[in-house]
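Encoded as structure tokens, the structure appears first; notes follow it.
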Amino acid sequence: GSLDPDQPAIDLRMNAIKHKILVVSGKGGVGKSSMAAALSNGLSTKGKKVGLLDLDICGPSQAQLMGVDGEAVMNTEWGWKPVVSPHTGVKVISVASLLASGEDSLAFRGPRKTALIKRFVKDVFWGRLDYLIIDTPPGTSDEHLTVVKILQNTKPDGAIIVTTPQSVALATVRKEIDFCSKMRVNIIGIVENMSAFACPCCGEVSEIFSSGGGERLAEEFGLAFLGRIPIDPSIAEHGEEGSNLVAASANTTGSQALLKTCDNV
Ligand code: ADP
């Protein structure tokens, strides 16, 4: 392909990061962003240095999920300085934090999205990290193509696919798997979210949707099954508050399932 003059600067930044993991989903609303946030917090809780990059340019949610809503990215001599989660120290970059620093939202439309994603990798002072978790928009869009291309020399470890157990969601996952194999992106495994409802009062688990679809799909494609996460109101609550759902003190069924899933990554 054509030589990108920015590639050496991109590679320099990305070479300082040991593991780069994409979090993807076939459709929206399946809990992909919540999973990316929980994974970041979970790895950080285990003592890893973690960054979280929100590539959802039009619908960024990580600033809120990570408890840094309204905080601005600072421009320093080393580049854009990510905002830092007060709960876990995870470094977060999203369009929301750029807007908070007074950047013009018009600059993030259409083809400029590609340029922006490049800046998120090239111009952000991530420093040395064990993990960079990359939350992507639902489906397979330009953002995915762009980031895979940008990381061509510093290969991501792969993608974690998040799905709910219903067949509509599972059908879109097949496309996601297809995309990853075409782009030569390794698939780390599948997470099934909202598998069942765990009652916060009595702990009884009811299967609201069918369950096990994610696991069967993983089997069909010979992929790892990373975990099954129940519907748990505390997951939504922590998301609203931007607090750390997988903190050692949290002991809901949801947080425990998430922690276990982090261990499998
Ligand atoms: P996506 O990134 O796939 O669009 P989100 O992570 O934004 O999905 O989740 C969508 C909504 O569902 C959010 O309000 C979130 O708090 C909630 N949610 C996600 N997973 C669960 C779960 N296991 N139990 C309860 N609520 C959940």
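Bear in mind these aren't lab numbers, they're just calculated from the coordinates by the rules spelled out. Worth saying up front: this structure is predicted, and the values here are computed from it rather than measured. When we count neighbours, we look across all protein chains shown, and the Cβ atoms used for this are built from the backbone with ideal geometry, even at glycine.
Observations on the model:
- Residue within region 172-181 that is under 17 Å from Met35 (Cβ atoms) and touching a Pro at 6+ places or on another chain (Cβ under 8 Å) present: no
- Residues of region 75-96 classified as in contact (Cβ under 8 Å) with a residue 40 or more places away in the chain and either of a type in the set (Val, Ile, Thr) or in contact with a Cys (Cβ under 9 Å, 6 or more places away or on another chain) (or both), total: 6
- For region 137-158, the set of residues classified as part of a helix (DSSP H, G or I) and either of a type in the set (Lys, Arg) or surrounded by 17 or more Cβ atoms within 10 Å (Cβ to Cβ) (or both) consists of Glu143, His144, Thr146, Val147, Val148, Lys149, Ile150, listed by residue number.
- Residue match in region 106-118 (condition: closer than 20 Å to Leu22 by Cα and within 16 Å of the chain's Cα centre (by Cα)): yes
- In region 159-178, the residue that is farthest from Asn264 (Cα to Cα) out of those that are of a type outside the set (A, V, I, L, M, F, W, C) and exposed (fewer than 13 other Cβ atoms within 10 Å of the Cβ) is Ser167.
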